[in-house]
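Trainee: I'd like to ask you about the structure that follows.
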Amino acid sequence: MAPHPDSPAAGSDPQAPDAGAGTADAELVVLLDEAGTPVGSADKATIHTADTPLHLAFSCHLVDDDGRVLLTRRALSKLTWPGIWTNSFCGHPGPGEDPTEAIVRRAEQELGTRVDTIEPAIPDFRYRAVDDSGVVENEICPVFTARIRADLNPRQDEVCAHHWARPEDVRLAVDSTPFVFSPWIVAQVPRMALYSR
């Protein structure tokens, strides 16, 4: 897919004014070098291929007041890992966007909810995985936990199902049937205090 004509090209300044999280036409992601330093930005719609460049993302695990964790099932229309169960939601901070702000934004966009008490869980998480279709995810992806503060209203093009579960049950399910889950949650759960209670 060709880049949108109004989108900044890969290699553009990631701290450029007004870059924000993208425009109405494009969601920008931050491209990184091997040390994790921003080296540019690109339209998210153009970078996920068989040779996806390293870029910045985040994963968030939502907890409710009863201590349950939200699992979501990726929409069947998703480019990668369609229909797979995963953590509550993921996203990409835009150029110059604080990760906490990106989490709040993405919770509203994807799940139609509000969150607070955002805390780091695995600040140094990084992974590369290849979907059965051949599309690659290649991300430096800090992991966070957060509290949900409003009802869920998931977007159907993002989430086709969701389930609240006890952390110990999530850990058991991920350990027992990793093929049911996204590769990133399989790698995250064993490293998170949330799931070791």
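Trainee: Round to the nearest 10 and give me the degree value, 0 to 90, for the angle of helix 167-176's Cα axis relative to the longest principal axis of the chain.
Mentor: 80
Trainee: Please state the charge dipole magnitude for the chain, taken about the Cα centre, from unit charges on C-beta atoms (+1 on K and R, -1 on D and E), reported in debye and rounded to the nearest 20.
Mentor: Values: 17 positive and 30 negative charges, 140 e Å.
That gives the chain a dipole magnitude of about 680 debye.
Trainee: Among HIS48, HIS162, HIS55, which comes first, second and so on when ranked by fewest other beta-carbon atoms within 10 Å?
Mentor: Exposure proxy ranking, most exposed first: HIS162, HIS48, HIS55.
Trainee: Here is a follow-up. By how many nm would the segment from ARG114 to TRP164 grow when fully extended, if each residue of separation counts as 0.36 nm and the alpha-carbon distance is taken off? Intermediate results must be reported in sequence, preceding the final value.
Mentor: On the way: separation 50, 0.36 × 50 = 18.00 nm, distance 1.63 nm.
Here the segment from ARG114 to TRP164 would lengthen by 16.4 nm.
Trainee: Separate question: Would you mind calculating the gained length between ARG147 and LEU54 on full extension (0.36 nm times residue separation, minus the Cα-Cα distance), in nm to one decimal?
Mentor: Contour length minus Cα-Cα distance gives 30.6 nm.
Trainee: Which of rounded, prolate or oblate describes segment 79-191 when judged by the alpha-carbon gyration tensor and an a/c cut-off of 1.5?
Mentor: Taking the square roots of the gyration eigenvalues as a ≥ b ≥ c, segment 79-191 is rounded.
Trainee: On to the next question. What's the exposure ranking of TYR195, TYR127, going from fewest to most Cβ atoms within 10 Å?
Mentor: On the way: TYR195 21, TYR127 17.
Fewest-to-most ranking of TYR195, TYR127: TYR127, TYR195.
Trainee: Mind checking the full-extension length gain between LEU172 and GLU101? Use 0.36 nm per residue of separation minus the Cα-Cα distance, one decimal, nm.
Mentor: The span from LEU172 to GLU101 would gain 22.4 nm if fully extended.
Trainee: Give me THR49, THR145 ranked fewest to most by other Cβ atoms within 10 Å of their Cβ, as a rough exposure proxy.
Mentor: Lowest to highest Cβ neighbour count: THR49, THR145.
Trainee: Obtain the nm distance between the two label points defined at ASP33 and ARG126 by a simple spin-label model: each point lies 7 Å from its Cα along the Cα-to-C-beta direction.
Mentor: Computed distance between label sites ASP33 and ARG126 equals 1.3 nm.
Trainee: Residues of segment 48-85 with the amide nitrogen closer than 15 Å to a label point 7 Å from the Cα of GLN156, along Cα-to-Cβ, please.
Mentor: 75-78
Trainee: If you compute Cα extents along the principal axes in Å for the structure shown, which of (i) 56, 32, 28; (ii) 68, 32, 31; (iii) 46, 34, 33 do you land on?
Mentor: (iii)
Trainee: Can you find, among PHE89, ILE118, VAL189, the residue farthest towards the positive end of the dipole of the chain? Put +1 on the C-beta of Lys and Arg, -1 on that of Asp and Glu.
Mentor: VAL189
A short reminder: the numbers here are calculations on the coordinates, not readings from a lab. Predicted, not measured: the structure shown is a model, and the values here were computed from it. Note: ideal-geometry Cβ built from the backbone for every residue, glycine included; neighbour counts use all protein chains shown.
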